[in-house]
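Each reported figure results from applying straightforward, stated rules to the coordinates on display, with no laboratory input. Model, not experiment: these values are computed from the prediction. Please note: Cβ atoms are built from the backbone with ideal geometry, for glycine as well, and neighbour counts cover all protein chains shown.
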Amino acid sequence: MSMPDANHVVLTRDGDVATLSFNRPAALNALDVPTAAAFLAACRTLARDPQPRAVVIRGEGRAFGVGGDLAALRQGTGETVLALIEYMHEGIKILAALDAPVIASVHGAVAGGSLSLSLACDLAIAAEGTRFNLAYTSVAASCDVSGSWSLPRMVGLRHALRIALLSPTVDAAEALQLGLVCRVVPAWQLEQETRELAQRLAAGPTLAYGRMKRLMRQSFEHDFASQLDAEREAFKASSETADFSEAIAAFFDKRPAVFKGG
């Protein structure tokens, strides 16, 4: 069991918005075992009460992240690989289960496991000039960190195989066209635009967001009738929340709704 390096992943909180920052700028935020362990520890903190109502994942320095730390993997063993993957996988499972929307705010290089992590987030915003490369086959490896699950769902199987097998470098404009990101902004505006998006989501109906996230993700595994059943149950549960009552009252009062996330 590796000890997390708290300096490698920094978790901050500003009201209802939590920000998880990878903090190995000299290594372009490459993922080694201590960093992955710190990522999992941060995700576990996010899952505890009081949970945030929006989460931002970002990287310090010149890159969001270049994926696995090849120097660390070169010196490691099969157990090193498994530890790195297990920490990252447990962390993204926690993020997926949060009601809070999770936003990837990316810039610079986004490659390998770092790209897979960004795809696992609910939304992604990128700076102009960002470069994406799945990169796994360049080092004779297959996907981890949910890349093989997320990528074909976002871009379709043919594009996913092109990106996975040929490892092309995709610029921000193509990433937007393919659906790898939701929005591209000038680099100097990335922090501000991310903050505004996170604050908008944090002011929204958090439980409804969580139910919507789960409905969308499970729709690929459900048949039509089963998905209708899931929608019925989720809508009924949503209709019993304080935020739903507030939204209906605000509509008839002709005023903006004030959601509390409950």
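What to note about this one:
- Under the convention that each Lys and Arg Cβ holds +1 and each Asp and Glu Cβ holds -1, the size of the dipole of the chain around its Cα centre is about 260 debye.
- Residues whose amide H lies under 5 Å from that of Asp69, counting only those 5 or more places away or on a different chain, are Leu31, Asp32; hydrogens are built 1.01 Å from N in the peptide plane.
- Phe235, Phe22 arranged by Cβ crowding within 10 Å, fewest neighbours leading: Phe235, Phe22
- Placing pseudo-labels 7 Å out from each Cα toward the beta carbon at Ala237 and Ala6 gives an inter-label distance of 3.4 nm.
- Loop trypsin sites (Lys or Arg not before Pro), region 227-262 (other Cβ atoms within 10 Å of the site Cβ: 16 or fewer; DSSP): Lys254, Lys260
- Sorted by Cβ neighbour density within 10 Å, fewest at the top, the residues Ile103, Ile85, Ile248, Ile92: Ile248, Ile85, Ile92, Ile103
- Helical runs assigned H by DSSP (4 residues or longer) give the chain a calculated mean residue ellipticity at 222 nm of -15500 deg cm²/dmol, each run adding -39500 (n - 2.57) before division by the residue total.
- Here is the list for region 5-90: trypsin sites (Lys or Arg not before Pro) lying in DSSP coil, each with at most 14 other C-beta atoms within 10 angstrom of its C-beta, are Arg48, Arg62.
- Given charges at Cβ of Lys, Arg, Asp, Glu: the chain dipole, positive-most of Ile92, Thr19, Val81: Thr19
- Between region 19-42 and region 212-233, the alpha-carbon center distance in angstrom: 34 Å
- Modelled label positions at Ala187 and Phe251, each set 7 Å beyond Cα in the direction of Cβ, lie 4.6 nm from each other.
- In plain terms, the residue of Cys43, Cys143, Cys182 with the fewest other Cβ atoms within 10 Å comes first and the most crowded comes last, giving Cys182, Cys143, Cys43.
- Cα-based convex hull, the chain, per residue volume (Å³, whole number): 141 Å³
- Net charge dipole, region 206-253: roughly 180 debye, given to the nearest 20, about the Cα centre with Cβ charges of +1 for Lys and Arg and -1 for Asp and Glu.
- Farthest towards the positive end of the charge dipole of region 9-202, among the residues Val55, Ala187, Pro152, is the Cα of Pro152, using unit charges on the Cβ of Lys, Arg, Asp and Glu.
- Packing-based order for 239-246, 131-138, 104-111, 63-70, using average beta carbon neighbours within 10 Å, highest first: 104-111, 63-70, 131-138, 239-246
- Applying the Kirkwood pairwise sum to the alpha-carbon positions of region 61-194 produces a hydrodynamic radius of 15.1 angstrom.
- Applying the criteria of a DSSP loop state and at most 10 other Cβ atoms within 10 Å to the chymotrypsin sites (Phe, Trp or Tyr not before Pro) of region 167-226 yields Phe220.
- Relative to the longest principal axis of the Cα atoms of the chain, the long axis of helix 78-97 makes an angle of roughly 20 degrees.
- Toward the positive end of the charge dipole of region 167-262, with +1 on the Cβ of Lys and Arg and -1 on the Cβ of Asp and Glu, the farthest Cα among Gly262, Ala173, Leu215 is that of Gly262.
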